[in-house]
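Engineer: Just passing along the structure, written as structure tokens.
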Amino acid sequence: MIDPAVLRATMADLGQPAYRATQVYEALTRGLATEFAAIGVLPPALRTVLAERLQPLSLTPVETRAAAAGDARKTLFETPDGRAVEAVLMIYRQRATVCVSSQVGCSVGCAFCASGAHGLGRSLSAEEMVDQVLHFARELRDVGRRVTNVVFMGMGEPFLNYDETLGACRLLNDPAGFGLGARGVSISTAGVVPALRRFTDEESQINLAVSLHAATDALRDRLVPLNRRYPLAMLLAACADYVARRRRKLFFEYVVLPGVNDGDDQARALAELLGRPLYHLNLIAYNDTGGEFARPGARELAALRDRLVAAGVACTVRRSPGGEIEAACGQLAALRPAGPGR
Ligand code: SF4
């Protein structure tokens, strides 16, 4: 994917009319083209010049792993500066969701997450995020399907890369381009409160999810270190303002860590914090990342859900496909160096 502004500037530089930039943009987004040679509406000479000047893809797919059940695929991409980043396609009966990474690594350092284990490499550009979606859109096109949802829940904290993430959303939503409805897009934050407040001001139908993972400051300070800067009272006040202003449902994500955040104290605190209209809590089973935590069983998850529902919290257990290929929540790491023969 090429920055549309760069595309327009290049066409102007080449003395081409503005509509040529539009044709290329449409071919790369809606048409899912990967090379200029395939853009038949362009004169052959222009295709050649563009290929010399511009890279139609900003990420190179290096390796794809598919879950045996066929419900998840994970692709490792290489950036132009040689970094590795991963994205996941989750395939359901009615939907096909791409989980996008917004950064290489992550600076937040949640205790249960592989992505944050080695800190932040760098933030990704909007085009690099869009390329992750376009890659899977091509794979789905080959089997007669399309991307219906995009979630910014891969590696990185999207609200610490706010402008590029929102830029990626705009590109994905553009009816003249890829054309994915904003209601099919979700951004997940660990609780960067100033960005959450900024997002509240956006005129957008994009969904928001807050990764909570603990309902008391003492525990959340440990599991989500960002909580030390933006403690729960500050975070929940921003959440309440979001719901009051936008009148939209707000999702909370909770990775269940048996014996750590599923006890009575946390359940009680959760009910107090989240038993409100338009709040919805998703419980997610912890996926093994080789750390100190255990994975909960289906029965433990259901018991916690039932307890919370009884206490007035809208709550469901969310299925997270792709565990066997380390593509599930918290498992994206891309620590292996990208290279030939992989
Ligand atoms: S869970 Fe999200 S915010 Fe936390 S370290 Fe992992 S990628 Fe970063």
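The values are calculated or read from the model by the stated rules, or taken from the named source; none is laboratory data. Everything quoted here is computed from the prediction, not taken from an experiment. Here the Cβ is made from the backbone with ideal geometry for all residues, glycine too, and neighbour counts use every protein chain on show.
Engineer: In the list Met129, Met153, which residue meets the criterion of being closer than 25 Å to Phe293 by Cα and either among the charged types (D, E, K, R) or under 11 Å from the mean Cα position of the chain (by Cα) (or both)?
Structural biologist: Only one candidate qualifies: Met153.
Engineer: Let me ask something else. In this structure, does Thr200 turn out to be more than 21 Å from Leu283 (Cα to Cα), within 14 Å of the ligand (Cβ to nearest atom) and either outside the structural domain of Val133 (by TED's automatic domain parsing) or at pLDDT 95 or above (or both)?
Structural biologist: no
Engineer: Also: So in the range 129-143, with the set limited to residues that are within 21 Å of Gly184 (Cα to Cα) and either without any contact (Cβ under 8 Å) to a residue 24 or more places away in the chain or within 16 Å of the ligand (Cβ to nearest atom) (or both), which one is surrounded by the most Cβ atoms within 10 Å (Cβ to Cβ)?
Structural biologist: Met129
Engineer: Moving to a separate point now. What residue, of Val255, Val243, Val260, is surrounded by 15 or more Cβ atoms within 10 Å (Cβ to Cβ), farther than 24 Å from Glu292 by Cα and among the β-branched types (Val, Ile, Thr)?
Structural biologist: On inspection, the qualifying residue turns out to be Val243.
Engineer: Which numbered condition trips up Val210, out of (1) more than 16 Å from the ligand (Cβ to nearest atom); (2) closer than 19 Å to Leu257 by Cα?
Structural biologist: Of the numbered conditions (1) more than 16 Å from the ligand (Cβ to nearest atom); (2) closer than 19 Å to Leu257 by Cα, the odd one out for Val210 is (1).
Engineer: What number goes with the only condition from (1) touching a Gly at 6+ places or on another chain (Cβ under 9 Å); (2) of a type in the set (Gly, Ala, Ser); (3) touching a residue at least 40 places away in the same chain (Cβ under 8 Å); (4) closer than 25 Å to Arg141 by Cα that Ala27 does not pass?
Structural biologist: Status for Ala27: all satisfied but (3).
Engineer: Check Ala238, Ala269 and return the single one that is modelled with pLDDT of 95 or more, out of contact with any Lys or Arg (no Cβ under 9 Å at 6 or more places or on another chain), among the small types (Gly, Ala, Ser) and assigned by TED's automatic domain parsing to the domain that holds Arg170.
Structural biologist: Exactly one of Ala238, Ala269 is modelled with pLDDT of 95 or more, out of contact with any Lys or Arg (no Cβ under 9 Å at 6 or more places or on another chain), among the small types (Gly, Ala, Ser) and assigned by TED's automatic domain parsing to the domain that holds Arg170, namely Ala269.
Engineer: Here's something else I'd like to know. Scanning the range 100-124 for residues that are within 10 Å of the ligand (Cβ to nearest atom) and of a type in the set (A, V, I, L, M), which turns out farthest from Val255 (Cα to Cα)? Step through it out loud before you land on a result.
Structural biologist: Of the residues in the range 100-124, the ones within 10 Å of the ligand (Cβ to nearest atom) are 101-103, 105-117, 119-120.
Okay, now just the ones that are also of a type in the set (A, V, I, L, M), so 108, 111, 114, 117, 120.
Details: Val108: 16, Ala111: 11, Ala114: 13, Ala117: 17, Leu120: 22 Å.
Here the residue is Leu120.
Engineer: Okay, next question. Out of all the residues in the range 177-196, is one or more farther than 30 Å from Ala33 by Cα and of a type in the set (Phe, Trp, Tyr)?
Structural biologist: No; the residues of the range 177-196 include none that is farther than 30 Å from Ala33 by Cα and of a type in the set (Phe, Trp, Tyr).
Engineer: For Ala214, only one of the following conditions fails: (1) touching a Cys at 6+ places or on another chain (Cβ under 8 Å); (2) under 21 Å from His280 (Cβ atoms); (3) at pLDDT 95 or above. What is its number?
Structural biologist: Going through the list (1) touching a Cys at 6+ places or on another chain (Cβ under 8 Å); (2) under 21 Å from His280 (Cβ atoms); (3) at pLDDT 95 or above, Ala214 breaks only (1).
Engineer: Of everything in the range 144-164 that's touching a Leu at 6+ places or on another chain (Cβ under 9 Å) and acidic (Asp, Glu), which residue is farthest from the ligand (Cβ to nearest atom)?
Structural biologist: If we take residues in the range 144-164 being touching a Leu at 6+ places or on another chain (Cβ under 9 Å) and acidic (Asp, Glu), then Glu164 is farthest from the ligand (Cβ to nearest atom).
Engineer: Moving on. Could you check, for the range 309-325, whether at least one of its residues is in a helix (DSSP H, G or I), at pLDDT 95 or above and surrounded by 13 or more Cβ atoms within 10 Å (Cβ to Cβ)?
Structural biologist: Taking every residue of the range 309-325 in turn, at least one turns out to be in a helix (DSSP H, G or I), at pLDDT 95 or above and surrounded by 13 or more Cβ atoms within 10 Å (Cβ to Cβ).
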